[in-house]
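Novice: Got a structure here, written out as structure tokens. Questions coming.
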Amino acid sequence: MTLLQQVIQQKLESEFSPTHLEVINESHMHGTPSDDSHFKVIIAGKQFDGMRLLQRHRAINKCLKDELAGPVHALALHVYSPFEWQQLHEVPSSPACRGGSKLDAN
């Protein structure tokens, strides 16, 4: 587990006390194997009960605002209530990277 991956996991655990949490470094799938830039987060917690998808994503983005403003280029979010997580049979695959970065020259 990389340092950035650990930071993301610790922040999410601290903020949401999830019943389930996976932070997966997918950088190797996007042409950046040595770079911590692409992550997939699978999280389930009581805080997400009754929240709409956009609200859930905003809560995660707010928690990880520093990482999203810096090294993280892509963050695939799969956010569930505990009930939704129990009913789930498969987490969707992350989409293929389309390239580009805020660090690329214009």
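Laboratory data are not the source of any read-out in this text; all were calculated from the coordinates shown. Everything quoted here is computed from the prediction, not taken from an experiment. As a convention, Cβ positions derive from the backbone with ideal geometry for all residues, glycine included, and neighbour counts pool all protein chains shown.
Novice: With the condition kept exactly as written, say whether any residue in region 38-45 is without any contact (Cβ under 8 Å) to a residue 60 or more places away in the chain and surrounded by fewer than 16 Cβ atoms within 10 Å (Cβ to Cβ).
Specialist: No, every residue in region 38-45 fails to be without any contact (Cβ under 8 Å) to a residue 60 or more places away in the chain and surrounded by fewer than 16 Cβ atoms within 10 Å (Cβ to Cβ).
Novice: Also: I'd like the full set of residues that are surrounded by 14 or more Cβ atoms within 10 Å (Cβ to Cβ) and of a type in the set (S, T, N, Q), limited to region 3-37.
Specialist: Q5, Q9, T19, N25, S27, T32, S37
Novice: Oh, and also: Mind checking which residues of region 8-31 are over 14 Å from L75 (Cα atoms), touching a residue at least 12 places away in the same chain (Cβ under 8 Å) and not small (G, A, S)?
Specialist: Of everything in region 8-31, those that are over 14 Å from L75 (Cα atoms), touching a residue at least 12 places away in the same chain (Cβ under 8 Å) and not small (G, A, S) turn out to be K11, E15, F16, P18, T19, H20, L21.
Novice: Can you run down the residue pairs with Cβ atoms below 6 Å, 6 or more apart or on separate chains, where the first is in region 72-87 and touching a residue at least 24 places away in the same chain (Cβ under 8 Å) and the partner is assigned to a loop (DSSP other than H, G, I, E, B)?
Specialist: Once the first residue is touching a residue at least 24 places away in the same chain (Cβ under 8 Å) and sits in region 72-87, its partners that are assigned to a loop (DSSP other than H, G, I, E, B) give H73/S37; H73/S101; A76/S94; H78/V91; S81/D49; P82/T19.
Novice: Going by what's in this entry, would I60 be described as within 17 Å of Y80 (Cα to Cα), out of contact with any helix residue (DSSP H, G or I) (no Cβ under 6 Å at 6 or more places or on another chain) and part of a helix (DSSP H, G or I)?
Specialist: Yes: the conditions hold for I60.
Novice: Follow-up. Just to be sure, is Q9 under 19 Å from F83 (Cβ atoms) and either assigned to a helix (DSSP H, G or I) or of a type in the set (F, W, Y) (or both)?
Specialist: Taking the combined requirement at face value, the residue does not satisfy it.
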